[in-house]
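Peer 1: I have a structure here, written as structure tokens, and I will follow up with some questions on it.
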Amino acid sequence: MASFFSAQFSALPWDRVSLFVRRRLEEIAGLVAVAAAALLVLALASWRAGDPSWNTAAAGPVHNWLGQPGASAADVLFQTVGVAAWLVVVAALAWGWRLVSHRGLGRLWVRLAMLVAGLVLATIAVAGIGWPGAWPFATGPGGVLGQLLHARAADLVTGWGGAILVDWLWLAAAILAALFLLYAIALGAAEWRAMGRAA
């Protein structure tokens, strides 16, 4: 009997089983990424500066669509990286798409590093551009990170070539951010077309 089961198991196409399991795990990871992006969209879209959160002591109900967790998550993101928080949604959706469609992410640690670098540069760009109208935080639309890094970069640029270069600092940061983020999200022209057809 033991030899019979051993023969049956040895006859299984283990390469196919391994491929099947790996594909299912990729699909699950992709769906988790898409679901996380969807939740983040809800949290960011319904964010109000006056909602009670970890960093804001306020009375009254929470207006965020995801309740207290959503209000706190959105508050932390907007105060840290400002409007660049929306780029996290883009990256999560792109990664989810690639995983569900079995295109893979390649070296994930490189993608993560490029995403972080792109986010940091994006905060500098947004801090340099400013925001039409009033921003609810003193840190500005680039968040704390953007405010601090833009000020530091402006000091360095002024020392190199004068104050006139500061006016173009946001553009240089935006171009670099776009390059880093395009690599981080791992979508080529074919993927963009495929996503457009799927939509």
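The values are calculated or read from the model by the stated rules, or taken from the named source; none is laboratory data. Predicted, not measured: the structure shown is a model, and the values here were computed from it. Backbone-built Cβ (ideal geometry, glycine too); neighbour counts: all protein chains shown. Ligands, DNA and RNA are stripped out before the accessible areas are found, and what is left, the full protein with its side chains, is counted by its heavy atoms. Shrake-Rupley method; radii C 1.70, N 1.55, O 1.52, S 1.80 Å.
Peer 1: Which loop-located trypsin sites (Lys or Arg not before Pro) does the stretch 53-145 contain, where loop means any DSSP state but H, G, I, E or B and the Cβ has at most 15 other Cβ atoms within 10 Å? Spell out each step's value before the answer.
Peer 2: Details: sites: 98, 103, 107, 111; in loops: 103, 107.
Answer in residue order: 107.
Peer 1: Per residue, how much accessible area does the stretch 10-151 have with a 1.4 Å probe, in Å²? Don't skip to the answer; put the middle values down first.
Peer 2: Details: 7690 Å² over 142 residues.
Heavy-atom accessible area per residue stands at 54 Å².
Peer 1: If I take all pairs of Cα atoms in the stretch 78-186, what percentage of them are more than 20 Å from each other? Show your work: numbers first, answer last.
Peer 2: On the way: 2569 of 5886 pairs.
Roughly 44 percent, once rounded to a whole number.
Peer 1: Continuing with this model, one more query. Over the stretch 17-137, what number does the Rg to Rh ratio reach, with both radii from the alpha-carbon atoms and Rh per Kirkwood? Working shown, then result.
Peer 2: On the way: Rg = 17.0 Å, Rh = 16.0 Å.
Using Cα coordinates only, the ratio equals 1.06.
Peer 1: Given H placed on each backbone N at 1.01 Å, which residues far from residue 46 in sequence or on other chains put an amide H within less than 5 Å of it?
Peer 2: 65
Peer 1: For the stretch 169-181, take each phi angle, set θ = phi - 60°, evaluate the Karplus expression 6.51 cos²θ - 1.76 cosθ + 1.60, and give the result in whole Hz per residue in order, putting x for glycine and proline.
Peer 2: Each residue of the stretch 169-181 in turn: 4, 4, 5, 4, 5, 5, 5, 5, 4, 4, 5, 5, 6 Hz.
Peer 1: Here's something else I'd like to know. Could you check the simple spin-label distance between residue 152 and residue 20, using points 7 Å along Cα→Cβ, in nm with one decimal?
Peer 2: Going by the 7 Å Cα→Cβ label model, 5.2 nm.
Peer 1: Taking all protein chains in place and a 1.4 Å probe, what share, in percent, of the accessible surface of the stretch 147-189 do carbon and sulfur account for? Don't jump to the answer; show the numbers that get you there.
Peer 2: On the way: 2040 of 2680 Å².
About 76 percent, which is the carbon plus sulfur part of the accessible surface.
Peer 1: When you count, for each residue, the other Cβ atoms within 10 Å and take the mean per peptide, how do 148-157, 177-186, 21-30 rank with the highest first? Could the numbers behind the result be given before it?
Peer 2: Working: 148-157: 15.4, 177-186: 19.0, 21-30: 13.5.
My ranking of the peptides, most packed first, is 177-186, 148-157, 21-30.
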